[in-house]
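In what follows, a structure is listed as structure tokens, so that the remarks can point back to it.
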Amino acid sequence: MDGGDPQPIGVLGVGTMGAGIVQLAAQTGHPVVACDQSVEALEKAQRYVREGLSRFAARDAFPAEEADEHYARIHWTVNLEAMAGVDAVIEAIVEKVAPKKEVFAALDAILAPDALLLTNTSSISITDLASATNRPDKVCGTHFFTPPPVREAVEVPRGLLTSDETVERAKALITSFGKLPVVVNKDVPGFVANRFLMPMIIEAARLLEEGVASKEDIDLLVKKGIGFPIGPFELGDFIGLDVALDVTAYVHEELGEPYYTPPRILKELVRAGRLGQKTGAGFYEYPEETE
Ligand SMILES: NC(=O)c1ccc[n+]([C@@H]2O[C@H](COP(=O)([O-])OP(=O)(O)OC[C@H]3O[C@@H](n4cnc5c(N)ncnc54)[C@H](O)[C@@H]3O)[C@@H](O)[C@H]2O)c1
């Protein structure tokens, strides 16, 4: 596996994040097993990856004729057993503890003893997820940012029992994707990135709820005043408001900090099915994105 051909990897859950990770892995030469429980999600991801590869070819990331070769490295499936031969699985299913532990236990029974179990979780304890397996030393976080083919860094949170060797292997995998791994030494809720990001969304939502300023003006000040590339409401819609709510709720529960109480407006939008760009509406409307 070391220094030779790019190793085969699995991606479980091919939604917003998983589809991007599949594209990234395939275009850097890795054979990929792309698995989801939903056929609809697989079909959507297939379109996303095809378009993504064409876009990258158009930007000269690789010759246009290679796009088909990259795509051909991907095996799409609803069957978890198809992961049996991979060296590492990156799990990217819903941000909830119980389903993640369930798939970790199932994968532990399927994968070769030396295979890594990696998770794209935004906030959930790596140590807790590892406790569902008999290989806690081989479980580690690989937290990509959205969209995965574009963002440069990947957060690598280690659990209490993650071995140094596993961290090195996870870093090598991220490097083989052309990305920069950044190791987080302690398994804290939200790791580093979401301890910055979620307060920004919480503050913006509270300012909006209190009528301090409109969402457009808050986004404008954050972008044109502070100089951030994206406003908090735009970012929430981009990430997915369900994901933002799950992360905030998890950090709130784990830290017991009233500060992280999920804003009411976030809950209401999620209950109304306004999850952001992926559903055509969130804080803002995205008519052309609606399917
Ligand atoms: N959205 C973001 O910006 C972002 C950024 C970094 C990390 N993450 C994390 O990545 C993970 C996925 O988030 P997302 O935004 O891609 O979610 P998503 O809802 O877009 O996709 C989740 C996918 O997982 C599938 N799925 C759910 N349960 C499954 C199961 N048991 N077996 C197989 N497939 C299953 C769903 O069908 C769906 O296709 C979460 O842990 C999230 O916190 C998200």
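The values are calculated or read from the model by the stated rules, or taken from the named source; none is laboratory data. What you see is a predicted model, and the numbers here were worked out from it, not measured in a lab. Please note: Cβ atoms are built from the backbone with ideal geometry, for glycine as well, and neighbour counts cover all protein chains shown.
Taken together, Ala72, Ala41, Ala64 contain a single residue that is among the small types (Gly, Ala, Ser) and within 12 Å of the ligand (Cβ to nearest atom), which is Ala41. With a requirement of 1 or more residues that are without any contact (Cβ under 8 Å) to a residue 60 or more places away in the chain and over 30 Å from Pro189 (Cα atoms), the strands (runs of 3 or more DSSP E) lying completely within the range 1-100 that satisfy it span 74-77. When the range 82-122 is filtered for residues that are near the ligand (Cβ under 9 Å from one of its atoms) and touching a Pro at 6+ places or on another chain (Cβ under 8 Å), only Ile93 remains. With respect to (1) closer than 22 Å to Met17 by Cα; (2) not assigned by TED's automatic domain parsing to the domain that holds Val94; (3) not small (Gly, Ala, Ser), the lone exception for Leu180 is condition (2). The one condition from (1) part of a helix (DSSP H, G or I); (2) under 28 Å from Gly4 (Cα atoms); (3) touching a Lys or Arg at 6+ places or on another chain (Cβ under 9 Å) that Thr162 does not meet is (1).
In this entry, Asp242 passes the filter for residues that are buried (at least 20 other Cβ atoms within 10 Å of the Cβ), in contact with a Leu (Cβ under 9 Å, 6 or more places away or on another chain) and of a type in the set (Asp, Glu).
Look at the range 101-146 and say how many of its residues are in contact (Cβ under 8 Å) with a residue 60 or more places away in the chain and outside any helix (DSSP H, G or I). Here the count works out to 7.
Search the range 164-187 for residues being polar (S, T, N, Q) and surrounded by fewer than 16 Cβ atoms within 10 Å (Cβ to Cβ), and hand back the single one that is farthest from Ala115 (Cα to Cα). Before the answer, list the steps.
Within the range 164-187, the subset polar (S, T, N, Q) is 166, 175-176, 185.
The next check asks that each one be surrounded by fewer than 16 Cβ atoms within 10 Å (Cβ to Cβ); those that pass are 175-176, 185.
Values: Thr175: 18, Ser176: 17, Asn185: 22 Å.
Per the criteria, the residue is Asn185.
Please work out which residue is nearest to Asp242 (Cα to Cα), limiting yourself to the range 12-38 and to residues that are within 13 Å of the ligand (Cβ to nearest atom), of a type in the set (Gly, Ala, Ser) and within 17 Å of the chain's Cα centre (by Cα). Filtering first and then ranking leaves Gly15. If you go through the range 167-218 one residue at a time, how many are among the basic types (Lys, Arg), part of a helix (DSSP H, G or I) and under 27 Å from His252 (Cα atoms)? Final tally of qualifying residues: 3. Flag: Pro8 matches the condition of being at pLDDT 95 or above, within 30 Å of Pro136 (Cβ to Cβ), away from the ligand (no atom under 16 Å from the Cβ) and touching an Asp or Glu at 6+ places or on another chain (Cβ under 7 Å).
Across the range 233-291, the qualifying residues are those that are assigned to a helix (DSSP H, G or I) and aromatic (Phe, Trp, Tyr), and the one among them that is farthest from Ile202 (Cα to Cα) is Phe238.
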